[in-house]
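Comments concern the structure below.
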Amino acid sequence: MTLAQIGEDELLARIFPLLPVPAATSLGPGDDAAVIASGIGETGIVLTTDTMVRGKDWLDEWSSAADVGAKCVAQNLADVAAMGARPAGLLVTLIADAATPLQWAVELSRGIGQAAAAADTGVLGGDLSSAGAGVLSVSITAVGRLDGPPVTRSGARPGDVVAVAGTLGRAAAGLELFLAGDWQDARADAVELLSAQRCPSPPLAAGPRAAQAGARAMIDLSDGLVRDAGRVAAASGVRIELLAEALAQDIAALAPFVGGEAARACVLAGGEEHSLLACFPAEQELPQGLPQGFRPIGRVLAAGPEGPGVTVDGVAPQVSGWDHFGG
């Protein structure tokens with residue numbers, strides 16, 4: 001049996017029981033980030049890590065070194081925000097073929113530095129290691145600080161409103177344009193989609209605001225709306241019902257660029273968006289007053305005989321999302 005045959009979620013389910021969790025850990029593996037108790041009230045320290053590998057997570061044909069650095073920062077800080085935390089620092093690891101141009105490493109660092117500064121954080125340290133011919137890999141560990149209890153994936157309750165902060169499907173539509181091969185001559189209004197794929201801009205401030213507003217569950221949309229909503233549903237033991245009407249505008253905005261069917265797939269299953277999906281009590285006003293506030297796109301229902309899952313207007317979607325080993 002191979003990793004491709006079992007997929008990412010099953011692999012994690014098999015290896016987590018083999019890994020000891022430190023005594024000071026208040027939330028271990030299985031969420032967007034881990035939480036270590038700080039001993040000060042209910043606050044804690046959030047830790048998460050993500051890796052990007054050339055040829056799998058980016059292609060040099062359309063991503064500069066600075067783009068790679070900014071994107072790696074974004075995907076890590078989105079996990080911090082999804083716990084309701086604020087960024088406190090980054091650790092960076094670069095694994096590179098010794099023949100890698102110096103300028104590439106310099107530009108990577110520039111992209112990381114600019115993205116970190118924009119998020120009001122910085123780099124604490126890291127590691128360098130050489131690798132075989134053509135290998136380039138960038139890994140960042142992000143540290144966050146909680147002002148209260150973390151918002152996990154397991155708190156959604158029937159009756160909650162499902163809401164999203166940020167965009168849906170734009171990074172996936174940008175990838176479609178890149179793969180189509182005509183991106184260098186893309187029309188002006190498509191440039192934003194290309195940028196969303198190269199270096200996404202997660203709504204980082206929305207995470208702590210959601211926590212303060214009473215969000216019961218939250219997740220970073222890194223692997224697609226359906227797949228990541230499914231993770232919340234599984235962790236909370238509920239069904240998440242997405243409403244087609246609430247997603248219609250997102251789909252319509254992408255259809256002129258990739259076609260209607262592909263636009264729907266981008267919105268429902270497109271990864272690397274790094275927007276935030278959260279579940280709020282129905283009586284709670286959704287956090288606004290941000291560049292990317294929350295808007296309702298569904299509701300939480302009790303899981304039926306079929307168990308936890310995700311539906312769109314009562315129907316199980318035919319698309320799922322990204323799996324690192326299964327595609």
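The values are calculated or read from the model by the stated rules, or taken from the named source; none is laboratory data. Everything quoted here is computed from the prediction, not taken from an experiment. Note that we place each Cβ from the backbone using ideal geometry, even for glycine, and neighbour counts take in every protein chain shown.
Before moving on, here are some points about what is shown:
- The test for being in contact (Cβ under 8 Å) with a residue 60 or more places away in the chain, farther than 18 Å from residue 170 by Cα, surrounded by fewer than 23 Cβ atoms within 10 Å (Cβ to Cβ) and among the aliphatic types (A, V, I, L, M) holds for residue 205.
- Some residue of segment 298-317 being within 30 Å of residue 70 (Cα to Cα), hydroxyl-bearing (Ser, Thr, Tyr) and modelled with pLDDT of 95 or more: no
- Filter result for the condition that a residue is outside the structural domain of residue 56 (by TED's automatic domain parsing), more than 17 Å from the chain's Cα centre (by Cα), buried (at least 21 other Cβ atoms within 10 Å of the Cβ) and at pLDDT 95 or above, over 165, 156, 172: 156
- Single condition residue 180 does not satisfy, out of (1) closer than 16 Å to residue 297 by Cβ; (2) free of Cβ contacts under 8 Å to residues at least 60 places away in the same chain; (3) out of contact with any strand residue (DSSP E or B) (no Cβ under 9 Å at 6 or more places or on another chain): (1)
- Answer from 53, 68, 138, 46 - the residue that is touching a Phe, Trp or Tyr at 6+ places or on another chain (Cβ under 8 Å) and either in the same structural domain as residue 207 (by TED's automatic domain parsing) or of a type outside the set (D, E, K, R) (or both): 68
- Residues of segment 17-42 satisfying the condition of being under 20 Å from residue 220 (Cβ atoms), in contact with a Pro (Cβ under 7 Å, 6 or more places away or on another chain) and at pLDDT below 75: 27
- The strands (runs of 3 or more DSSP E) found entirely in segment 232-322 that carry 1 or more residues being assigned by TED's automatic domain parsing to the domain that holds residue 198, within 21 Å of the chain's Cα centre (by Cα) and basic (Lys, Arg) are 238-242, 294-302.
- Condition met for residue 3 (modelled with pLDDT under 75, closer than 27 Å to residue 178 by Cβ and exposed (fewer than 15 other Cβ atoms within 10 Å of the Cβ)): yes
- Segment 295-306 residues that are surrounded by 16 or more Cβ atoms within 10 Å (Cβ to Cβ), paired with ones that are assigned to a loop (DSSP other than H, G, I, E, B) and not β-branched (Val, Ile, Thr) (beta carbon under 6 Å, 6 or more apart): 298/243; 300/156; 300/158; 300/160; 301/158; 303/237
Yes/no matrix, rows are residues, columns are (1) in contact (Cβ under 8 Å) with a residue 24 or more places away in the chain; (2) in a helix (DSSP H, G or I); (3) under 28 Å from residue 212 (Cβ atoms):
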residue	(1), (2), (3)
78	yes, yes, yes
87	yes, no, yes
92	yes, no, no
107	yes, yes, no
115	yes, yes, yes
120	yes, no, yes
124	yes, no, yes
127	yes, no, no
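- Neighbours by Cβ (under 8 Å, 6+ apart or cross-chain): first from segment 209-221, modelled with pLDDT of 95 or more; second of a type in the set (D, E, K, R) and assigned to a helix (DSSP H, G or I): 219/228; 219/231; 220/79; 220/228; 221/228
- Residues of segment 184-231 satisfying the condition of being closer than 15 Å to residue 293 by Cβ, in contact with a helix residue (DSSP H, G or I) (Cβ under 6 Å, 6 or more places away or on another chain), in a loop (DSSP other than H, G, I, E, B) and not hydrophobic (A, V, I, L, M, F, W, C): 202
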